[in-house]
Every structure is written in C-alpha cells, then in structure tokens.
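The structure under discussion is supplied below as structure tokens; questions concerning it will follow.
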Amino acid sequence: MSAPQTHPRTESDLSAFLLAHAGFRVEFGRLAEVIGNARDARHAELIEDQIEFVLSYLHHHHTDEDTWVWPLLRARAPHSEQMLAALERQHQQIDPDLSLAGDRAQPPAQREAALRRLHTALAHHLDEEERDAVPLIRSQLTAEEWRAHGLQVVRAYDRRRVPLLFGWACAAGPPELVRHALIDFPTPIRLLFRLRWWPAYRRRHTRLYASPPRRHPDRA
C-alpha cells in the first residue's frame, strides 16, 4: 500500500486568507457600535455600504471554502469529513443573521443585535477553522495550488471593490501578516496599495468609526 500523499507546507501563502479572518473578527463588532448612531445621512449611507461590502465578502469567502477548499480537503484527507461538515453547518447557522444584518428595512436595534451575534459566532467559527482546517490546508495543498487559486479568487471579485478589500483586510491584520500577504502581488499592486488604496481606506475608516486605523500596515 502506498504512503498517503503529502505536500509542501504553505504557511506564508495563507497570509491573505488569515487577513480576511482578522477582518471578520473585528468588523461586525465595530458595525454594531455605529449602526444606530449615524452622525448624519452621509455617515448612515457609508455604514450601509460597509455592511454590504463585509457581508458580500464573507459570502464570497465562505462560498470559496464550501465549493473548492473543503471538497479538495475531503478528497485528499477523508478523515477530515466530520470536521469539515461541522464548519459547513456553522456557515449555514449564521445565514439568518447575515440576512437580518443586511436588511435595511429592519429596525436598527434588530440589525445591531444580529451584528453582535455574528461577531460572537464568527469568533467561535474562525477559532475552530484556524485550529482544525488551516493545518490541514498547509499539509494537503501545495504552495503553487494555493497561490494560483488565490489569484483566481481575487480576479473573480468585483474589481471596483478590490481597493477597499485590500485596505480593509490590511487594516485588521498584524503588520507581519500584511507583509507576507503582499509579497505575492506584483509590484504595481503593492505601489497602488501604498500610495492610493491604503490612504483611501484610512479616510474611510476614520469617517466610519471616528478614529483612524493604526500606522501604515506594511511597515514595521
């Protein structure tokens, strides 16, 4: 009987994936704090735009896991079936609160409660995913597979939202993780991030939450 297939570890290649997790861990709590406290109509619309963006990207992130990452892991590591099924159920369990949080017709108090539940549920879900699924990804997918798929995911995302996505994720993650995530992108993208996308997101974050994010995230 042949030995099970193994693949080179891809720790640094998971940086962008983990940056998204960092963003999800903090953003729903922040939005819960401001959704019922808009300063004016312009601020209220910006809050709604941020909610739409984060919900859309979370859906994009979970869909990619459910349709590509988890099936590939099931094929290569059949013993992971129970764990992956549990993570998929958690995706389904938060769906009602995702719908409520994004529904402008609902009272702000109900949407705030949904955002707070999402903040708690996602922290639990991401803890389990990073404990159980991330090591499996690193052991079963090659660096080239992960990198190539990551580029496909970025290309499939709404191009108008890519600058916002970069700024949002990089504002949430630790600087070392940000630096690793940016390494794989072409120099023009890194320059755009440094000169345009990050300053734009810094202004957006300040308008949303009345305070700027931390120092430039790709510098020590």
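The values are calculated or read from the model by the stated rules, or taken from the named source; none is laboratory data. Just so it is clear, the model here is predicted, and its values are computed rather than measured. Every residue, glycine as well, gets a Cβ built from its backbone with ideal geometry; the counts of neighbours run over all protein chains shown. Just so you know, the surface numbers come from the protein's heavy atoms only, side chains and all, with ligands and any DNA or RNA stripped out. Shrake-Rupley method; radii C 1.70, N 1.55, O 1.52, S 1.80 Å.
Those residues that are within 16 Å of D66 (Cβ to Cβ) and within 16 Å of the chain's Cα centre (by Cα), I need them from segment 135-151; list them, please.
H149
For R214, only one of the following conditions fails: (1) closer than 18 Å to E52 by Cβ; (2) not in a helix (DSSP H, G or I). What is its number?
(1)
Another question, then. Check whether at least one residue in segment 99-114 is out of contact with any Lys or Arg (no Cβ under 9 Å at 6 or more places or on another chain), in contact (Cβ under 8 Å) with a residue 12 or more places away in the chain and basic (K, R), and report yes or no.
For segment 99-114, residues out of contact with any Lys or Arg (no Cβ under 9 Å at 6 or more places or on another chain), in contact (Cβ under 8 Å) with a residue 12 or more places away in the chain and basic (K, R): absent.
Every residue in segment 164-220 that is modelled with pLDDT under 95, more than 16 Å from F17 (Cβ to Cβ), touching a Ser or Thr at 6+ places or on another chain (Cβ under 9 Å) and crowded, with 17+ Cβ neighbours inside 10 Å, please.
P213, the sole residue that qualifies.
Then there is this: Go through segment 126-163 and count every residue that is crowded, with 18+ Cβ neighbours inside 10 Å and outside any helix (DSSP H, G or I).
1
For a quick check of your reading of the model, give me the residue pairs whose first member lies in segment 177-192 and is farther than 15 Å from A148 by Cα, whose second is open to solvent by less than 80 Å² (accessible area, probe 1.4 Å) and not hydroxyl-bearing (S, T, Y), with beta-carbon atoms closer than 7 Å and at least 6 apart or on different chains.
Filtered contacts from segment 177-192: L177/L18; L177/L19; V178/L19; V178/C170; V178/P217; V178/D218; R179/D218; R190/L182.
Continuing with this model, one more query. For the subset of segment 49-78 comprising residues that are open to solvent by less than 30 Å² (accessible area, probe 1.4 Å) and over 18 Å from the mean Cα position of the chain (by Cα), which member is nearest to L100 (Cα to Cα)?
L73
In segment 107-127, is there at least one residue being closer than 25 Å to L84 by Cβ and modelled with pLDDT under 95? First the steps, then the outcome.
Filtering segment 107-127 for residues closer than 25 Å to L84 by Cβ gives 117-127.
Then keep just the ones that are modelled with pLDDT under 95; that gives none.
No, segment 107-127 contains no residue that is closer than 25 Å to L84 by Cβ and modelled with pLDDT under 95.
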